[in-house]
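For reference, the structure discussed in these notes is given below.
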Amino acid sequence: MWFVDLNGLVVKSRTDLMDHNLPYAQDFRPLGFVEAIDAIKPHVLIGATGAPGTFTRAVVGHMSRINVRPVIFALSNPTSRAECTAEQAYAWSGGRAIFASGSPFAPVTHEGKTLRPAQGNNAYVFPGIGLGAVACRARTLPDELFFTAARTLAGLVRQSDLDQGSLYPPLGEIRKISLAIATSVAKQAYEMKLARRKRPGNVRRSVQALMYRP
């Protein structure tokens, strides 16, 4: 991972870095944001700046020149603080960007094709993590359970989602997603001997029985 701040690429030769920046400083020459993209050739841009407009047309354009499917994460909340909009990411990449934002954006029509931006935050995994922990009565929630949740979510992404410019399945399927994540989390907790409940014969069915149905 390479970091960029207001003054450019975070590198060891800079004299303006604070102590908490130093572990992330790379041994590289100082560069501006766009120049750093050309030099490093990143696959993914993650925006957590709170500064709207950070991902400019030039930034997205340079990412698109070095990636067939540039991944643009404009994660700052609320929507008004996003580094770029979904429409901008798609338009400036010729419809090739895979976009996620911290707050939701509406679907975008680009050259007659509907593209569906995704919401890249905890909305997808926390319901399933909580349900899985409750189902097995987990004593603790170590990192391994969050990794399990992330892998399970990734496994639910279909080619049709990617074709629509999204790295996530539709949020409208959150009940199915949560059940899958909860089941995986509970199974991992049983394997790690974190569960205080005896393992049932069918973990998925026991999890599903706990789900609230409005």
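The values are calculated or read from the model by the stated rules, or taken from the named source; none is laboratory data. Note that the structure is a prediction, hence the values are computed from the model and not measured. Here the Cβ positions follow ideal geometry from the backbone for every residue, glycine too, while neighbour counts run over all protein chains shown.
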Test: residue in segment 140-152 that is small (G, A, S), within 24 Å of A74 (Cα to Cα) and either at pLDDT 95 or above or out of contact with any Phe, Trp or Tyr (no Cβ under 6 Å at 6 or more places or on another chain) (or both):
yes
List pairs: first in segment 111-135 and closer than 19 Å to E191 by Cβ, second charged (D, E, K, R) and surrounded by fewer than 22 Cβ atoms within 10 Å (Cβ to Cβ), Cβ under 6 Å, 6+ apart or cross-chain?
none
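Conditions tested, residue by residue: (1) of a type outside the set (G, A, S); (2) crowded, with 20+ Cβ neighbours inside 10 Å.
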site: A74; (1), (2): no, yes
site: T79; (1), (2): yes, no
site: A82; (1), (2): no, yes
site: Q88; (1), (2): yes, yes
site: A97; (1), (2): no, yes
site: A100; (1), (2): no, yes
site: S103; (1), (2): no, no
site: H110; (1), (2): yes, no
site: K113; (1), (2): yes, no
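Among the residues of segment 138-166, which ones are of a type outside the set (S, T, Y), over 16 Å from S184 (Cβ atoms) and either surrounded by 14 or more Cβ atoms within 10 Å (Cβ to Cβ) or touching a helix residue (DSSP H, G or I) at 6+ places or on another chain (Cβ under 9 Å) (or both)? Spell out the reasoning first.
Start the filter on segment 138-166 by keeping residues that are of a type outside the set (S, T, Y), which leaves 138-139, 141-147, 149-151, 153-159, 161-165.
Among the residues that remain, those that are also over 16 Å from S184 (Cβ atoms) are: 139, 158-159, 161-165.
Hits for segment 138-166 are R139, D161, Q164, G165.
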Restricting the search to segment 1-20, which residues are among the polar types (S, T, N, Q), surrounded by 10 or more Cβ atoms within 10 Å (Cβ to Cβ) and over 16 Å from F33 (Cβ atoms)?
S13
Taking the condition of being touching a residue at least 40 places away in the same chain (Cβ under 8 Å), closer than 24 Å to E87 by Cα and either out of contact with any strand residue (DSSP E or B) (no Cβ under 9 Å at 6 or more places or on another chain) or hydrophobic (A, V, I, L, M, F, W, C) (or both), how many residues in segment 155-195 meet it?
3
Modelled with pLDDT of 95 or more and part of a helix (DSSP H, G or I) - does that describe any residue in segment 155-168?
yes
